[in-house]
Every structure is written in C-alpha cells, then in structure tokens.
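Some notes on the structure that comes next.
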Amino acid sequence: YRRFRIKTVEGANDFASMAEVLTRRLMEGMKSEDRQHGFGAIPDLIIVDGGKGQLSSAVSVLESLGLEDMNIVGLAKREEEVFLPGESQPIVFPRISPELRLITAIRDEAHRFAITYHRGLREARTISSELDRIPGVGEKRRRLLLEAFGDVEGVRRAGIDQLSAVKGIDIRTARQVYTYFHDK
C-alpha cells in the first residue's frame, strides 16, 4: 500500500491527480536498484479506476516514461467493464466470474484505503486549523494538547489549571487557550 499526497494539482482534477501519482510512482520504480521488491518494484499490471478517458490519460503517462509496453487496464464502475488500450469495445465479464470479482475487489480495496487516508488528512486539517488560530500555540504545543486531552473538544472543556498542568504549556498559553474557547 502506498499513499500519495497530491503536490502539483490544484482543486479536484482526477485526470491530473492520477497522472501525477502514476508518474511519481513509476519514476521511483525506474530509479530503484531493486525493481523486484517493495516500492521499487515495477508493477506487472496497472488497474486504472475508470473507463476510456482515465485509461487514455494513464497510457499517456506510460508513453511519456517509455513504458508503453506495460500491462494496463481500465475498470469502468457503472457496468464493471474492462477497457484495454487501443480497443474501442470493453471486455464484459459475467457478473459472477472470478476474474471480475478479483478486479472489483482490488478496486474496492484501493477505494477503501484512499478514502480512509483522505478522511484522516481532512480531520487533521480541521483539528490543526482550530488550535493553530490560538496565539502562542504552534505545532509542538498543539501536539502536546491533543495528546493530553485527546481531541479539540477535550481541550475546549479543560480549565486553565488542567491546561497549565500539561508539560510544555505555561500559564500564559493556558490562559490564551482557555480564553480562545470561552470568550466567544
């Protein structure tokens, strides 16, 4: 399993995001000395979540890296059709076929993994942004407060004495945190 934080794409652009991730992943594999194991392994098959458009975008990435011979397919969700590069008609497996069950299980697990990761990122941004608004609370103090009280709500419920009892939180910072949450 690998997670990629999108670095070069602004906003929601599935095609560009997929191209960035695929490029970064394959470039890492191409420069690795051990291309058989771990992150450096070049995949035997790439399954793209999507139909012709997504597949075409991924094929363009492969071509730009000189990997046009790599095995790649696209799986369109609506009808569970499998697309191959250069083929206009999809492969339609019987709904109960083990091949289709395998491919859809891979896709569904990738979705689950990605969704869990992105939810975590979104929650971390929400938590950090609330505490980061407090003067005197930076990354280190935010981490100390969250470790001591579990979440932002726990910090909000804490009194000045409880806040200042946290190692690394002085009385001045404790007052600022308390005031931030209670003077609204």
Reachable lysines from Lys52, criterion Cα separation under 26 angstrom, eight or more residues apart if same chain: Lys7, Lys77
Low-density loop cleavage sites - trypsin sites (Lys or Arg not before Pro) in segment 17-66, where at most 16 other Cβ are within 10 Å (DSSP): Arg35
DSSP-assigned coil residues among trypsin sites (Lys or Arg not before Pro) in segment 65-139, each with at most 13 further Cβ atoms within 10 Å: Lys77, Arg78, Arg95, Arg133
Longest exposed-site-free window of the chain, the sites being chymotrypsin sites (Phe, Trp or Tyr not before Pro) in a DSSP loop that have at most 15 other C-beta atoms within 10 Å: 5-184
At R0 = 35 Å, FRET efficiency that the Cβ-Cβ distance of Leu102 and Arg125 yields, to 0.05: 0.50
In segment 1-98, GluC sites (Glu not before Pro) in a DSSP loop with at most 10 other beta-carbon atoms within 10 Å: Glu10, Glu33, Glu79
Carbon plus sulfur fraction of accessible area for the chain, probe 1.4 Å, in percent: 51
For segment 1-105: accessible area per residue (Å², 1.4 Å): 66
Global geometry of segment 59-120, whether rounded, prolate or oblate, following the gyration tensor of its Cα atoms and the 1.5 cut on a/c: oblate
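The values are calculated or read from the model by the stated rules, or taken from the named source; none is laboratory data. Treat the numbers as computed from the prediction; the structure is a model and nothing was measured. Positions of Cβ are generated from backbone atoms using ideal geometry, with glycine treated the same way; all protein chains shown enter the neighbour counts. Ligands, DNA and RNA are stripped out before the accessible areas are found, and what is left, the full protein with its side chains, is counted by its heavy atoms. Shrake-Rupley method; radii C 1.70, N 1.55, O 1.52, S 1.80 Å.
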